[in-house]
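Below: the structure, in C-alpha cells.
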Amino acid sequence: MSRHGWLLRLYPRRFRRAHGEEVLRSLDEELADTVKLGGLRGRAAALWAIVDVLVAALAERLRPPPSLSPAPLLNDLRLSVRALRRTPGFTLVAALTLALPIGAATTIFSLVNGVLLKPLPYRASDRLVNIWNDLGQGAQSLPAVHTLDFRDYQAWSHRFEAFAAASGGDMVQATGILTGDGAEAEQVEVSSVTANLFPLLGVEPALGRQLTAADEALTAEPVALISHGLWRGRYGADPALVGRTIAMDGRRYQVAGVLPASFHLQLPAEAFLVTDAQVWVPLRIDMTKIPPRNYTPLTVFGRLKPGVTLAQAQEEMDAIAARLRAEHPVHAASNLRIRAVKLHDDVVKGVGPLLMTLLAAVGVVLLIGCANVAGLLLARGARRRRELAVHAAMGASRGRLALRLLVESLLIALLGAAAGLALTLAVLRALPAIVPASMPRMGEVAVDASVLAVASLVTIGTALLVGVLPAWLAPQMDLSAELRSGSGGSPPRQDRLRRALVVGEVALAIVLLVGSGLLVRTLAALQKVRPGFDAEQVLTFRMALPSPRYAPTAKRMDLVQRLERELRALPGVEAVGTVTQLPLTGAGSLQPYAYDEETARHWESVTADNRRVTPDFFRTMHVKVVAGRAFTDADGNTPPVAIIDTELARRAWPGESAVGKRLQIAPAGDRIPFVEVVGVVEHVHLHDLTRPVHPQIWRPLRDNMDTQLAFAVRVAGDPTRLAGAVRDTVAAIDGNLAVTHLVPMTHYVEDGSARARLGVWVMTAFGVLALILAGIGVYSVVAYSVAQRTREYGIRLALGQDPRALRGMVLTQGVRLGLPAVLLGVGAALAAAQLLRRFLYGVTSADPLTFAAAALLVLGVLLLATWVPAWRASRVDPRSALGAE
C-alpha cells in the first residue's frame with residue numbers, strides 16, 4: 001500500500017474496488033512532482049493536490065448509485081404503472097382502502113390545524129392573555145374584572161405592554177337596535193371597548209380610523225366602529241358611510257371606521273359580557289358611579305412585553321392580587337386570585353381534548369388501512385414471485401426489485417391520497433352543517449399549505465408502511481428455486497406476517513368500536529337527562545329594550561306585561577314567561593350569597609347563578625316547584641323575596657325546609673342585604689346538561705330589569721308555526737323593537753349535546769370503517785389460504801369428506817385467527833377507554849355491555865368474512881382441482 005493510501009480510503013468502497021491501484025499511482029506521481037518544486041511553492045502545490053483529491057472523493061461519495069439515478073428510476077416508474085394497470089381491480093381496492101383513512105386523517109387534521117394549531121389572527125398573538133378573577137372555591141371564576149381593578153393593573157404592572165378592556169353594550173346603555181336608512185329595525189350585537197383594544201390586538205380598520213382616548217370622554221359625541229359584514233349587509237358597502245351617522249337606540253352615532261372582513265373577536269366560552277359584535281362603541285366610564293369592587297363588568301385583555309414568559313406575568317399578577325387583598329376588604333373576604341391565561345388556550349380549551357382524541361382515532365384507522373393494503377401487497381407479491389425471479393435473472397439487483405415494489409406502493413398511496421383529498425374538500429364544504437355552532441374558530445378551518453404538507457407526509461408514510469414488508473421480503477426469496485418450481489405459492493414467513501397484520505387490524509377495530517360504543521351510550525344518557533325544564537313545545541326569542549325610550553324600570557315592566565298579555569291571547573298559546581337569560585345560552589351574571597356566619601364573614605366565598613323572571617316563567621318552562629310557591633304579580637323588592645333551587649337548599653339548610661329562611665345577597669349595610677326564600681324549585685341546567693355548575697337564585701323581574709330580555713312561549717303543537725305571529729305582535733306594540741333568536745327551546749337543548757353528537761358520529765364512522773377493513777383483511781387471508789389449498793380440498797372431497805365438515809374446518813381457521821385478535825383488542829380497549837373518561841356521562845369507561853357488544857360484533861363480522869371462502873372451499877370440483885395440476 002502506498003504511503004498515500006489514506007487518501008484513497010476517502011473514496012467510497014465501490015470506487016476503491018474499481019480504481020484503487022490506478023488512483024494510488026496517480027497520487028504518488030503528482031505528489032512526487034510537486035515535492036520536487038521545493039520550498040513554499042512545492043508545499044502549496046502539494047496541499048492543493050491533496051485538496052483536489054478530497055474534493056474528488058467527496059463528489060464520488062455524493063454521486064448516487066446506478067440504481068438511484070434518474071433513468072433507472074423512471075424505468076421503475078414505468079414498469080410499476082404497467083404492473084398496476086394490469087391488475088385494475090387490485091389497484092382500485094388498494095387505493096380506496098387508503099383513500100378513506102387518508103381523507104379522514106386530512107379532514108381531522110384540518111380541524112386540528114384551524115382550531116388548535118394556528119395562532120390567533122392577531123399581531124404576535126402568542127403574547128396575548130385573558131385575565132381571570134377567581135373568588136374562592138365554589139365561587140365566581142370568570143374572565144370578569146372590576147373597573148378599578150383594571151385601572152390598578154395598568155398602574156402597577158411592569159411586565160405587560162398594555163391592558164385593554166371590553167364589555168357589553170349595557171355598560172354604555174347601547175342595546176343595538178338600528179333604525180332608519182329606509183330599512184326595518186334590526187337588532188345587532190354591541191360591545192363597548194377601550195380605545196386601545198384594537199391597537200393591542202394589532203387590528204387596523206379597513207376604512208376610517210381607530211377609536212381614540214378622546215372618544216372615551218363622557219361628553220364626547222357618540223362614535224362607533226362597525227363590522228365589515230354589517231357594512232356590506234345593511235349599508236351596501238358604501239365607502240361614504242365613514243364619517244356619517246347611523247341611528248341606534250334613538251341616538252345618532254358617527255361611523256368612525258369599518259373593521260376588516262377577517263376580524264372576529266375570539267373569546268372563551270365563559271365570556272358573557274363582551275361579544276364578537278357588529279357595532280363597537282367607546283367604553284365610557286363615569287368614575288362618580290363606580291359600583292363596589294365585587295361587581296365585575298369588564299373583560300380584560302393584556303399583551304406581554306417581548307421576552308416576558310407567562311410564568312413571569314403570572315408571578316406579577318399574584319403580587320397584584322395580594323396587594324388588592326391587602327387594600328380592599330371585599331377582595332380579602334373573597335380571597336381574590338388573578339390568573340393570566342393565554343388567549344389562544346382559553347378560546348380552544350373546551351374542544352382541544354375532543355379534537356386530539358379524534359386525531360388519535362383517525363390515526364388508528366389509518367394504521368388499519370395500511371395493514372390491510374400491506375397484506376394485499378404481500379398476497380400479490382406471492383403471486384408475482386416468478387415474475388420477480390425472471391427480472392432478477394435478467395440482471396435486476398435485489399435492491400432494484402425492492403425499490404420497484406416501493407414505487408408501486410407510492411403510486412397506490414398517491415392514488416389514495418388524491419381521492420382522500422377530494423373527500424376532505426367535500427367534507428369541509430359540509431362542515432358548517434355538521435359541526436356545532438359553539439365550536440370556536442371554524443371560520444379558519446381550510447385546506448392550506450400546512451394541511452397539504454401533512455397530507456404529503458401522510459402519503460409518503462403510508463407508502464412506506466404498506467410497501468416496506470413486501471420490499472423487504474422480496475430480495476430474500478430463493479430466485480433460482482422460484483424459476484425451477486414456478487409455484488407462485490406464499491412461503492410460511494409471509495403467511496405469518498399477513499396473519500399478524502390481520503390480528504393487529506382486528507384488535508385496533510375493537511378499540512375504535514368500544515370508543516364509539518361508549519360515546520353512543522353517553523349520548524343516549526344525555527337524551528334522557530331532564531334539564532330541569534321541558535323544552536318541547538316552547539318557542540323562545542330575545543329582545544332588547546333601548547334605554548332612551550324605556551329608561552324607567554316601570555316603563556319596561558309595562559311593556560313586558562303588555563307583550564305577555566298579547567302573546568297569551570294568540571291561538572294555541574298556553575303560557576308566557578320572561579327571563580333575563582334563557583337556560584343553555586352561555587354564562588350569565590352570578591350572585592354572591594351567604595347563609596351562615598362563616599359565608600357572611602367571607603363574602604363571595606360562595607356564588608350562585610342569578611336570574612330574574614316574571615311569575616309565569618316556571619309554569620311556561622314546566623320547572624317544578626318542590627316546596628313553597630312560585631312568584632306572583634305582587635312580588636318584588638317590597639318585601640324582597642327569592643326562590644332558590646334544590647342545590648342551594650341542600651347546601652345551605654340540609655335536612656331542613658328552606659322556605660321562610662333569610663338569604664343574604666349583599667354585604668351588610670346594602671340597601672337590600674337579605675331576601676326571604678318563598679319557594680324551592682328543581683335545579684335547572686343553565687350551563688351543562690351533565691352536571692350542576694352553580695346553585696341558583698331566582699328573583700322577580702319587576703324591580704330590577706335588564707335591557708336584554710328573553711321570552712318563552714308554550715304552545716299546543718309545533719311552536720315554529722307561531723313565529724310569524726310573534727313578530728307581528730311585537731311590531732304592533734312597537735315597530736322599532738327587533739325580535740332576534742326566534743327558535744324553539746329544543747334548539748338550545750340539542751346544542752348542549754352537540755359536541756357529544758359530533759364525537760359519536762365521527763367515532764362511529766371510524767369504528768364502522770375499521771370493522772369493514774378488518775373484515776376485508778380476514779377475508780383476504782382466509783380466501784388466499786383456500787385458493788392455495790384448492791388441490792388439497794379437491795382430494796378431500798374426492799375421498800368422501802363431507803362438505804359441511806370442510807366448511808367447518810375453514811371456519812375454524814378464521815376463528816383461530818380472530819379469537820386472539822379479539823382478546824388483544826379488548827385488553828387494548830380497556831386501556832384506551834381511560835382517555836375517554838372526561839367525555840362520558842351515565843356510563844363507565846369499563847362498561848361490560850359495550851365491550852361485550854363490540855367483541856360479539858367483531859366476531860360476527862369475522863365469521864361472515866370467513867364463511868364465503870369456506871363455502872367456496874366446500875364447492876370445489878375435485879376433477880378440476882386435480883386436473884389443474
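For the stretch 84-179, a Kirkwood hydrodynamic radius built from all Cα pairs, placed in the Stokes-Einstein relation at 25 °C and 0.890 mPa s, yields a translational diffusion coefficient of 126 µm²/s. Note on D181 and R251: with the Förster distance fixed at 22 Å, the Cβ-Cβ geometry gives a FRET efficiency of about 0.90.
Peptides 856-864, 759-767: what's the order by average Cβ count within 10 Å, highest mean first?
Taking the mean over residues of other Cβ atoms within 10 Å, the ranking is 759-767, 856-864.
At full extension, A422 and E676 could sit 85.0 nm farther apart than now, given 0.36 nm per residue minus the alpha carbon distance. For K555, a cut-off of 25 angstrom between C-alpha atoms picks up these lysines, skipping any fewer than 8 places away in its own chain: K289. Shown in residue order for the stretch 651-666 are the 3J(HN,Hα) couplings computed by the Karplus curve 6.51 cos²θ - 1.76 cosθ + 1.60 at θ = phi - 60°: 6, 7, 9, x, x, 10, 7, 7, 5, x, 6, 9, 10, 7, 10, 7 Hz (x for Gly and Pro). Each of A430 and R838 was given a label point 7 Å from its Cα along the Cα-to-Cβ line. The distance between the two points is 2.9 nm. Percent relative contact order of the stretch 613-744, based on C-alpha pairs within less than 8 angstrom and at least six residues apart? That works out to 29 percent.
In nm, what is the difference between 0.36 nm times the number of residues separating A551 and D126 and their Cα-Cα distance?
Answer, rounded to one decimal: 148.7 nm.
Inter-label distance, A453 to W761: 3.0 nm, where each label sits 7 Å from its Cα along the C-beta direction.
Semi-axes of the equivalent ellipsoid for the stretch 644-700, computed as √(5λ) from the eigenvalues of its C-alpha gyration tensor and ordered from largest down, come to 21, 14, 10 Å. Remark: spin-label model distance A261-I290 equals 4.4 nm, labels positioned 7 Å along the Cα→Cβ axis. Quick note on the stretch 133-238: its Rg to Rh ratio, both from C-alpha atoms and Rh being the Kirkwood radius, is 1.03. Taking all protein chains together, F150, F109 sort by accessible area into F109, F150, largest first [probe 1.4 Å].
If the limit is 20 Å between Cα atoms, which of K305/K342; K528/K624; K118/K349; K349/K528 go over it?
Working: K305/K342 14 Å; K528/K624 17 Å; K118/K349 14 Å; K349/K528 27 Å.
Long pairs (Cα-Cα over 20 Å): K349/K528.
For the stretch 215-331, the alpha-carbon radius of gyration amounts to 1.40 times the rule-of-thumb value 2.2 N^0.38 Å expected for a compact globular protein.
Pulled fully out, how much extra length does the chain show between E536 and V693, if you take 0.36 nm times their separation in residues and subtract their Cα-Cα distance? Extra length from E536 to V693 when fully extended: 54.2 nm. Counting Lys and Arg as +1 and Asp and Glu as -1 over every other residue whose Cβ lies under 10 Å from the Cβ of Q173, the net charge comes to 0.
Note on the stretch 814-834 and the stretch 92-146: Cα centroid distance 32 Å, given to the nearest whole angstrom. Is the C-alpha gyration tensor of the stretch 507-658 telling us rounded, prolate or oblate? Criteria: a/c under 1.5 is rounded; beyond that, a/b larger than b/c is prolate, otherwise oblate. Oblate, since a/c reaches 1.5 and b/c is not below a/b. Each distinct pair of alpha carbons in the stretch 108-147 adds a 1/r term; the inverse of their mean, the Kirkwood radius, is 12.9 Å. Where the alpha-carbon atoms of the stretch 207-261 are placed on the principal axes, they occupy 31, 24, 15 Å, in descending order. Across the stretch 647-763, counting alpha-carbon atoms alone, Rg and Dmax equal 19.6, 57 Å. Taking amide H as placed 1.01 Å from N in the peptide plane, the amide H of L283 sits under 5 Å from that of V193, T194, A195, each at least 5 places away or on another chain. Taking the Cα centroid of the stretch 685-720 and of the stretch 497-531, what is the distance between the two, rounded to the nearest whole Å? Centre-to-centre (Cα) distance: 37 Å.
Considering only Cα atoms, the convex hull volume of the stretch 716-811 works out to 189 Å³ per residue.
Can you check what the net charge comes to around T275, using other residues whose Cβ is under 14 Å from the Cβ of T275 (Lys, Arg +1; Asp, Glu -1)? With Lys, Arg at +1 and Asp, Glu at -1, the neighbours total -3.
For D558 and L864, a Förster radius of 56 Å and the Cβ-Cβ distance give a FRET efficiency of 0.20, rounded to the nearest 0.05.
Add +1 for every Lys or Arg and -1 for every Asp or Glu among the other residues with Cβ under 10 Å from the Cβ of H158, and state the total. Overall, the nearby charge balance is +1. Work out the FRET efficiency for H622 and V529 from their Cβ-Cβ distance, taking R0 = 22 Å, and round it to the nearest 0.05. So the FRET efficiency works out to roughly 0.90.
The values are calculated or read from the model by the stated rules, or taken from the named source; none is laboratory data. Please read all numbers here as calculations on a predicted model, not as lab measurements. Heads up, the Cβs are rebuilt from the backbone with ideal geometry, glycines too, and the neighbour counts pull from every protein chain shown. Heavy atoms of the whole protein, side chains included, go into the accessibility calculation; ligands, DNA and RNA do not. Shrake-Rupley method; radii C 1.70, N 1.55, O 1.52, S 1.80 Å.
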